[in-house]
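Participant: Below are the structure tokens for one structure; questions will follow.
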């Protein structure tokens, strides 16, 4: 069974530029999560989707971050414009439901110069 | 406030030298404690879920235990391939979302 797929794996951009990350969850998983992991820290939740509905986006910096999951399957996380402090690993995870085990993708490593 | 504290921050073991990693937590209404392994450049890999005090789970050289305040990840006779960062997370509280600790970086030397 294929795991969570993320692309790109690495991204280097200049500050103030836009950037987008893509995630395809495990087949059949209705719940999708985006996390940010800073160096030496654990992942922190940015947003959770139940199918196509964003049900917890309280930690998403809405002035520059946006996300979508239009058909309830794959998802895109966007940052516009990027700031130096956005440099981190962006992880996508999925689960059968909110109460089920979360499985993580390999992450996208973002460096903002 | 829900909180997870892991110790030690880093641990170096010789191959075959057993030890334990600690995860202390504060959460209202625990709905699961999770252990993940994270290799450099990769996403966290699920290991165990524990739900109630006294519960234990094992996988190869790893055994996870749970009390009302903390969890231990026991590593028996570790091998170099066990080297990784081990993350602990709890789910519970008002938001029911996963709260992660900062992890323990384990290095097993041959």
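Values in this text are rule-based calculations from the coordinates and carry no lab data. Values in this document were obtained by computation on a predicted structure and should not be read as measured data. Positions of Cβ are generated from backbone atoms using ideal geometry, with glycine treated the same way; all protein chains shown enter the neighbour counts.
Participant: Find, to one decimal place in angstroms, the Kirkwood hydrodynamic radius of the range A:56-113, where the mean of 1/r is taken over every pair of different Cα atoms and then inverted.
Facilitator: With all distinct Cα pairs of the range A:56-113 included, I get 13.1 Å.
Participant: Going by C-beta contacts inside 10 Å, put B:36, A:10 in order with the fewest on the left. If you can, show how the numbers build up before the last one.
Facilitator: Numbers: B:36 25, A:10 11.
Placing the least packed residue first, the sequence is A:10, B:36.
Participant: Now, a different point. Given the Cα-Cα distance of residue B:42 and residue B:56 and 0.36 nm per residue of separation, how much length would full extension add, in nm? Provide the component values of the computation, followed by the final result.
Facilitator: Values: separation 14, 0.36 × 14 = 5.04 nm, distance 2.67 nm.
That works out to 2.4 nm of additional length.
Participant: Separate question: Quick one: Debye curve from the alpha-carbon atoms of chain A only, equal weights, vacuum; give me log10 I(q)/I(0) at q = 0.14, 0.15 Å⁻¹ to two decimals.
Facilitator: Cα-only, vacuum Debye calculation for chain A: -0.50, -0.58.
Participant: Now, a different point. Show me A:24-33, A:53-62, B:65-74, B:84-93 ranked by packing, highest mean number of other Cβ atoms within 10 Å first.
Facilitator: Descending mean neighbour count gives B:84-93, A:24-33, B:65-74, A:53-62.
Participant: Let me ask something else about it. In a solvent-free Debye calculation with one equal scatterer on each Cα, what is log10 I(q)/I(0) for the range B:20-80 at q = 0.18 Å⁻¹, listed in the order of the q values?
Facilitator: -0.66
Participant: For a distance above 17 Å, tell me the whole-number percent of Cα pairs in the range B:1-50 that qualify. Show your work: numbers first, answer last.
Facilitator: Values: 640 of 1225 pairs.
Counting pairs separated by more than 17 Å, the tail of P(r) holds 52 percent.
Participant: What does the structure give for B:39-46 when I average, per residue, the other chain Cβ atoms found within 10 Å of the residue Cβ?
Facilitator: Values: counts 1, 0, 6, 5, 15, 11, 3, 5.
For this peptide, the per-residue mean of nearby foreign Cβ atoms is 6.
Participant: Please figure out what share of the DSSP beta bridges in chain B is antiparallel and state it in percent, rounded to the nearest 5.
Facilitator: Working: 38 of 43 bridges.
The answer is about 90 percent antiparallel.
Participant: Something else about it: Taking R0 as 25 Å, what's the FRET efficiency between residue A:12 and residue A:70 from their Cβ-Cβ distance, rounded to 0.05?
Facilitator: 0.35
Participant: Just checking the output field for B:91-101: average partner chain Cβ neighbours within 10 Å of each residue's Cβ? Could the numbers behind the result be given before it?
Facilitator: Details: counts 3, 0, 0, 0, 5, 4, 8, 9, 4, 7, 2.
Partner-chain Cβ atoms within 10 Å, mean over residues of B:91-101: 4.
Participant: Could you compute how fast the range A:40-86 diffuses translationally, taking Rh as the Kirkwood radius over C-alpha pairs and applying Stokes-Einstein at 10 °C with viscosity 1.306 mPa s? Give it in µm² per second. Display every interim value, and only then the final one.
Facilitator: On the way: Rh = 11.7 Å.
Diffusion coefficient, whole number: 136 µm²/s.
Participant: Taking the Cα centroid of the range A:55-112 and of the range B:23-74, what is the distance between the two, rounded to the nearest whole Å?
Facilitator: Between the Cα centre of the range A:55-112 and that of the range B:23-74, the gap is 24 Å.
Participant: Turning to a different aspect of this structure: Under the Kirkwood approximation applied to all pairs of distinct alpha-carbon atoms, what is the hydrodynamic radius of chain B in Å? Don't skip to the end; give the middle numbers.
Facilitator: On the way: mean 1/r = 0.0719 Å⁻¹.
Result for chain B stands at 13.9 Å.
Participant: To continue, here is another question. As a test of the definition: which semi-axes, in Å, follow for the range A:1-53 when you take the square root of five times each eigenvalue of its alpha carbon gyration tensor? Largest first, please. If you can, show how the numbers build up before the last one.
Facilitator: Details: eigenvalues 101, 41, 32 Å².
Square roots of five times the eigenvalues give 22, 14, 13 Å.
Participant: Another question about this same structure. Other chains' Cβ within 10 Å of A:37-47 residues: what's the mean?
Facilitator: Working: counts 6, 1, 0, 5, 5, 15, 10, 4, 5, 0, 0.
The mean count of partner-chain Cβ atoms within 10 Å per residue comes to 5.
Participant: While we're looking at this one, here's another question. What is the spin-label model distance, in nm, from residue A:80 to residue B:31 if the labels are put 7 Å beyond Cα along the C-beta direction?
Facilitator: 3.4
Participant: Right, here's the next one. Starting with the fewest neighbours, write out B:97, B:79 ranked by other beta-carbon atoms found within 10 Å of each beta-carbon.
Facilitator: Numbers: B:97 19, B:79 13.
Result, fewest neighbours first: B:79, B:97.
Participant: With the contact rule set at Cα under 8 Å and sequence spacing of 6 or more, what percent relative contact order holds for the range A:38-113? All intermediate terms of the calculation are to be shown ahead of the outcome.
Facilitator: On the way: 103 pairs, mean separation 17.5, N = 76.
About 23 percent, as a whole number.
Participant: Cα atoms only, the protein assembly as shown: Rg and Dmax in Å?
Facilitator: Cα radius of gyration and Dmax of the protein assembly as shown are 17.6, 51 Å respectively.
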